[in-house]
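A.B. asks: Quick one: the structure is below, questions incoming.
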Amino acid sequence: MIMKPSSATIVEIREETPSVRSFVFDRSFDFTPGQYVMVWIRGVDEVPMSLSDRNTITVQRVGNATRALFELAPGDTVGIRGPYGNGFEISNHDIVTIVSGGVGAAPLAPLAESAHDMGCDVMTLLGARTATELLFQRRFENSGAVRIATDDGSAGLHGLVTDLLDETAGCNIYSCGPEPMMYALLRRLDEAGFDLDHSQFSLHRYIKCGLGVCGACCIDPSGERACVDGPVFRGKGLIDSEFGRYRRGADGCTL
Ligand SMILES: Cc1cc2nc3c(=O)[nH]c(=O)nc-3n(C[C@H](O)[C@H](O)[C@H](O)COP(=O)(O)OP(=O)(O)OC[C@H]3O[C@@H](n4cnc5c(N)ncnc54)[C@H](O)[C@@H]3O)c2cc1C
């Protein structure tokens with residue numbers, strides 16, 4: 001387990017959408033899609049970010065750490081620990097349905113590519129607030145079929161990405177995005193009698209150490225730690241958990 005950050009130099013910054021940028025580093029990581037790295041923005045904070053490629057993170061600007069990251073330029077450095085966590089599980093020739101919301105596409109685009117390379121039949125349901133915030137549409141299209149939904153109707157279905165879900169028989173379902181979206185998906189699958197062992201969700205929990213030591217990201221009632229036991233969990237384990245109901249914030253209290 002790598003505990004000490006090592007320096008990585010930013011070699012390229014790509015503007016993916018008005019609020020999302022990819023930061024390409026001078027180092028590659030061996031990773032399973034869904035794994036994350038802890039990114040130390042010196043003097044500001046250390047935050048978890050999924051790898052969107054072997055040498056890349058893809059970041060939405062939301063607060064202090066991500067704002068500071070957006071101020072960096074090629075040639076600047078950050079500290080990196082990882083990759084950490086379990087990542088998504090896929091098998092050769094599966095039927096794969098990906099349900100992506102917003103920046104949740106960051107770990108799902110490499111998953112779609114791996115699944116395609118493994119001979120899986122991949123369908124992506126890609127959602128965003130508005131057309132310009134659709135992330136990695138081309139990467140998903142290169143890996144299989146894509147259907148789109150936007151909150152404002154500027155592209156694809158005017159509505160929720162979960163409304164695009166119809167045929168689930170024989171599918172393995174993979175999701176990352178806002179928790180209300182993933183919870184709506186889980187409920188819908190459960191109500192349809194779908195075997196929830198065939199669904200995997202990447203959870204956003206407040207991760208501090210990334211090593212399974214501090215307990216900041218524990219999930220009720222199992223006590224599983226999102227940082228090492230996750231961040232990817234099967235739907236079956238989530239259906240009777242805190243998922244979709246509450247989570248812990250920075251101080252460990254529930255939100
Ligand atoms: C496993 C995992 C993978 C992630 N991958 C990505 C990614 O690929 N791209 C991306 O844009 N975002 C990703 N995130 C979310 C990202 O970590 C937060 O957006 C970031 O930490 C916000 O920091 P901030 O200081 O800019 O914002 P703040 O203003 O501090 O917080 C904004 C939001 O981010 C959350 N947050 C802040 N610090 C942490 C932390 N240490 N751990 C978890 N959440 C935190 C807060 O609870 C709040 O909901 C991931 C989160 C997890 C848990």
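A.B. asks: Relative contact order, percent, of the chain when contacts are C-alpha pairs under 8 Å separated by at least 6 residues? Intermediate values should be presented prior to the final figure.
C.D. replies: Values: 579 pairs, mean separation 41.5, N = 255.
Relative CO of the chain lands at 16 percent.
A.B. asks: Of Val96, Val146, which has the most accessible area with a 1.4 Å probe, and how do the rest follow in descending order?
C.D. replies: Working: Val96 0, Val146 40 Å².
So the residues, ranked largest to smallest area, are Val146, Val96.
A.B. asks: Right, something else. Relative contact order for segment 95-238: what is it in percent, counting Cα pairs under 8 Å that are at least 6 residues apart? Walk me through the intermediate numbers first.
C.D. replies: Working: 276 pairs, mean separation 29.3, N = 144.
Relative contact order here is 20 percent.
A.B. asks: At what distance in angstrom do the alpha carbon centres of segment 1-74 and segment 184-255 lie from each other?
C.D. replies: Each part reduced to its Cα centre gives a spacing of 23 Å.
A.B. asks: Also, I was wondering about something else. Would you rank Asp26, Asp94, Asp76 by solvent-accessible area, highest first, keeping every protein chain in place and using a 1.4 Å probe?
C.D. replies: Details: Asp26 90, Asp94 30, Asp76 60 Å².
From most accessible down to least: Asp26, Asp76, Asp94.
A.B. asks: Counting only heavy atoms of the protein chains, get the accessible area per residue of the chain (1.4 Å probe) and round it to a whole Å² value.
C.D. replies: 45
A.B. asks: Just round it to a whole percent: the fraction of Cα-Cα distances in segment 4-148 exceeding 21 Å. Kindly include the intermediate steps, with their values, before the conclusion.
C.D. replies: Numbers: 4396 of 10440 pairs.
Cα-Cα pairs of segment 4-148 separated by over 21 Å account for 42 percent.
A.B. asks: How much of His93 can a 1.4 Å solvent probe reach, expressed as accessible area in Å² and rounded to 10?
C.D. replies: His93 exposes around 140 Å² with every protein chain in place.
A.B. asks: Here is a follow-up. Per the 1.4 Å probe, what fraction of the accessible area of the chain, in percent, lies on carbon and sulfur atoms? All intermediate terms of the calculation are to be shown ahead of the outcome.
C.D. replies: Working: 5500 of 11390 Å².
After summing per-atom areas, the C and S share lands at 48 percent.
A.B. asks: If I take every Cα pair under 8 Å that is 6 or more residues apart in segment 6-84, average their sequence separation and divide by the length, what percent do I get for the relative contact order?
C.D. replies: Working: 160 pairs, mean separation 31.6, N = 79.
This gives 40 percent for segment 6-84.
A.B. asks: Right, here's the next one. Rg and Dmax of segment 81-126, using alpha carbons, in Å: what are they?
C.D. replies: Final numbers for Rg and Dmax: 11.1, 33 Å.
A.B. asks: Can you give the convex hull volume per residue for the Cα atoms of the chain, as a whole number of Å³? Spell out each step's value before the answer.
C.D. replies: Numbers: hull volume 30.9 nm³, N = 255.
That works out to 121 Å³ per residue.
A.B. asks: I've got another one for you. At 1.4 Å probe size, what's the solvent-accessible area of Ile41? Round to the nearest 10 Å².
C.D. replies: The accessible area of Ile41 comes to roughly 10 Å².
A.B. asks: If I ignore ligands, DNA and RNA and count only protein heavy atoms, how much of Cys120 is accessible to a 1.4 Å probe, in Å² to the nearest 10?
C.D. replies: The accessible area comes out at roughly 10 Å².
A.B. asks: For Tyr206, Tyr84, what's the largest-to-smallest order of accessible area, 1.4 Å probe?
C.D. replies: On the way: Tyr206 95, Tyr84 10 Å².
Largest accessible area first, the residues go Tyr206, Tyr84.
The values are calculated or read from the model by the stated rules, or taken from the named source; none is laboratory data. Please read these numbers as outputs of a predicted model, since none were measured by experiment. The area values use the complete protein model at the heavy-atom level, side chains included, leaving out ligands, DNA and RNA. Shrake-Rupley method; radii C 1.70, N 1.55, O 1.52, S 1.80 Å.
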